[in-house]
Structure formats: C-alpha cells, structure tokens
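The structure under discussion appears below in the form of structure tokens.
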Amino acid sequence: EICSKPNLLTMSGLLGGAKSPLADSAASHRRRYVRGSISPNSSLPLPRREPPAFRSRRSSRLRTVVCAAAAAVVLLIYLLLLRRRGGYFSLPPVRPLAPNIGRKKHPFRAAPTVDDTPVCNSAGCSVHPADSFSLPELRERGGTTPSRQGTEDYAAVTLKGLKGRESPNQDRSLIVYPLLSGRSGEGRDDDFLLGLFDGHGLHGEGVADIVASDLAQYLHDRLLVSGGQPSEKETKQTLNDAFVHFNSVVTDAWTGGSTATVALRICKKIYVANTGDSRTVVASFQKDGGHEVIYRTRADKPDLLEERARIEKMGGEVYIPDHFAIALGDSSRVLVTNTKGVYGLAMSRSIGDWDAKSVGVIAEPIVGVVDLEEVEGEIYVLSASDGLWDKSEEQEVLEMMGRSLFPELAGDGIGIIGPTPLEAAALLVNAAAENWNDITWGPTYRDDITLVAARVRR
C-alpha cells in the first residue's frame, strides 16, 4: 500500500527524503490556491492578482498623471492672474512714493470726476471723464440733463477696473471743445483736442495725469498762440515734440508709464498722434445710419517687424507668447531688466517706462492726417483704452456712438429719441465691463475702461 500511494511523509519532506514529482505538483497546487489563481472546488482559473512590481509601476504612472494635471491647473491660474496686468507680464516691485512726487506736490488734476466746475486756461476748458458708476440712472436723465462730461458734441466716460483693492483707475482722458487760439482766447469754435492716456505700472496713473492735465496748454503755447493756421508739417512736428517733452518730464522715479492717443482738429484737418496700444478711430456717419472707418491708429506691439528690429538693435529682447497664452489674453512684450528683476512691457512705445527706454521703447508717436475736405458725410472721432477694445466689437461701438452724435441722421422718422452721447458712452463702457466677467469665476479681473468721443462740426 505504501508503494502504490503517494508517500505523504516524503512529499512533505519530513523524513528528509527526495521529493517526488507528485510532491512538487501538490506543493505548487497549494501555492497557487493560496495566491488565488485556482478554485479549490473547480479547475476554472480565478482572476490573477497583480504582482507587486506591476502595482508599483501603475501607481507611479498615476502619480505622474496627477502631478501633470496639477501643474497644468497652476499654469492656467498663473496666466489668468497675469493677463493684462496693467501692461506688465509680472507686477513690478512695490516701493514707496519718492519724496518729490507725492500727492501733495503733484495732486491729480485729470482724475475721473462728477464735478461740473470747469478747468480753464488760455487753451480752453478741459473736460475729464465722468465715472460710469457715478452717473444717475441713464434713462432718468431724459437725454436733456446738461453735464460737462457729455453734450450733443462730445462725451467722456470711464470705469475703474478690478485689479486689486488698492489699485486706482489709471486711465485719463481729455476733451477741450472748443480749442482756443491766439493770446486773447479767440479762435474757431470747431477746433478741438481729444486725448486718452492709459497708465500702467507703479504710478502709471500719475504719468497719464500729467499728460492729460498739461497737453492742451503745451500745444496752445507752441502752435496756436499766434492765432494763425499752422502748416501740416509744423503741426505734426509739434505733436511729436509734445510726446517727447512729457516723456522727459516724467522722471524715472515714477517707474510706470502711459499710452497716449490724441486727435487734434485744426481748421480742415484732423491730426491723430498715437503711442502705445490704445486706439483712436476717425469715422464717417452716413445718412442711412451706416459708418465707414477713415483712419485707425495701430497698436504699437513689440512683435511688429520694425518695432522688433529697433528693440533688438538696442540690445532688447522680445517675448512672443504661444497660441495658448494668446488665447488667454497675453501679447508680445519687451523684456525689461531693472534692479528688482525682469518684467514684460506689452507695448513698444510709451510715455515714461524709463527702465525700458534703454532697450528700444520710445515715446515718439506715429502721426496721421485726415483731410476733411476729402471725406463725405458727418465725421466723428472716438478714442478708447484697450479695456474697451479687448471686450467690444469696433463696429458696435462706432454705430452706437455715431447714432448718438448724429441723431438727425439715425432717426427712423417715428420720433423715437435714442441715447445721448453721454448715455451711449456709459452703456458701451458698462457692456464691456460685463464682458470682462469670467463665465465660471465671475468678475475676477477687469482692466480700466475709458471711452471718449466727439463729433466734427462742418
């Protein structure tokens, strides 16, 4: 019997004998049962458990995927927080106001206001924008309430952005209508000066405020004081000199800078000078309610061929964002190094920004001329900061402002009164503000928004 059946003692090795093939098979069976690869009551295989090494590799891959996803989310949030942060790729270092530029010695003179008190000099009376949040209910005004920030000929409205609790409104704008000439204040009632200045960086609002406050007087003293009609060459050169002058007035203590886009109407011509990425549009409004763009300033961006060539020739470097960053609102930038680090300036021309002047950023404007005798229809001029243009369709802006400035052409014959220029400007500014709201997160960031417009009297 012992010879005819498996020797269990020999199988278990208790007697120290050699193991038989049957013993090896039994031991293997037990090990496989313990691991769960076979069923004790069936020959059907059970699901095989993963070896520890395989489980380790899978966990490693899972950790890699989770880390990559987390990094992508952090990058997305980083780009969202930094998009259009006042013209800078990263916030400049915060340092206290220099002793010679405090508010006591240089009070703001062109800040948004609801005060109707005129600010007048020999060039005329300056109009600075009304704060959109300070305007009464638009329709309750009835289209007849007078306001220095809005008449039948012009309007100026601004809205502070959402850039942090302590961040001021850095936009400034200016309307002098009419612009006087001569030493005794005579001149043509149809001449005017319109300008918009979008400050950025630390004290950028101060840079914009200086230009908005003093530009009209500067142009009057150097161009209009004689009372005659200056030539086209003289006018263009004076506008160029004005931008260079204010760039020199703003010392490096201000650290920030400003765009400047200006429209100057003298007699039969409109001169448009622009530095930076704000935009001025000269358009005609037709009898059928349509409009046509006559002149549009360009945005001075560092990736433009001639701008990039100048910057790189002076030793500067231009940052070009990828498509993902562009979709999030980023743009090309001049990389500027100062004692505190590196930041990116989103324009190739500006007033101020002294750290960037050594790497090719200049203040000289591009000046265009519109001859009114060569244009048919009613003409109007509109300037706005990128806070409006980035979130509004140009066609809609021009159409609404054209209808408000020329109601006699836009009427439908049934006596419906449309919005006044001031009401139309406020509606457009507030609509752009709504478009800044993120679909998911709501109002997380919004640039300052300013719109200023004027009709050209024939």
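The values are calculated or read from the model by the stated rules, or taken from the named source; none is laboratory data. This is a predicted model, so every value here is computed, not measured. For neighbour counting, all protein chains shown are included, and Cβ atoms are generated from backbone atoms with ideal geometry for every residue, glycine included. These area figures cover heavy atoms from the full protein model, side chains too; ligands, DNA and RNA do not enter into them. Shrake-Rupley method; radii C 1.70, N 1.55, O 1.52, S 1.80 Å.
Within region 365-378, does at least one residue satisfy the condition of being in contact with a Leu (Cβ under 8 Å, 6 or more places away or on another chain) and at pLDDT below 95? Yes - at least one qualifying residue is present in region 365-378.
Please count how many residues of region 333-372 are of a type in the set (S, T, N, Q) and open to solvent by 10 Å² or more (accessible area, probe 1.4 Å).
As a first pass, look at region 333-372 and keep what is of a type in the set (S, T, N, Q): 337-339, 348, 350, 358.
Checking the rest, the ones that are also open to solvent by 10 Å² or more (accessible area, probe 1.4 Å) come to 337-339, 358.
Residues meeting the conditions: 4.
Scan region 366-385 for residues that are closer than 20 Å to residue 246 by Cβ and within 20 Å of the chain's Cα centre (by Cα) and jot them down.
Of all residues in region 366-385, those closer than 20 Å to residue 246 by Cβ come to 366-368, 383, 385.
383, 385, listed by residue number.
Out of all the residues in region 409-419, is one or more in a helix (DSSP H, G or I), surrounded by fewer than 21 Cβ atoms within 10 Å (Cβ to Cβ) and at pLDDT below 95?
yes
Yes or no: residue 328 touching a residue at least 24 places away in the same chain (Cβ under 8 Å), open to solvent by 20 Å² or more (accessible area, probe 1.4 Å) and of a type in the set (A, V, I, L, M)? Step through it out loud before you land on a result.
Numbers: touching a residue at least 24 places away in the same chain (Cβ under 8 Å): yes; open to solvent by 20 Å² or more (accessible area, probe 1.4 Å): yes; of a type in the set (A, V, I, L, M): yes.
So residue 328 fits the description; yes.
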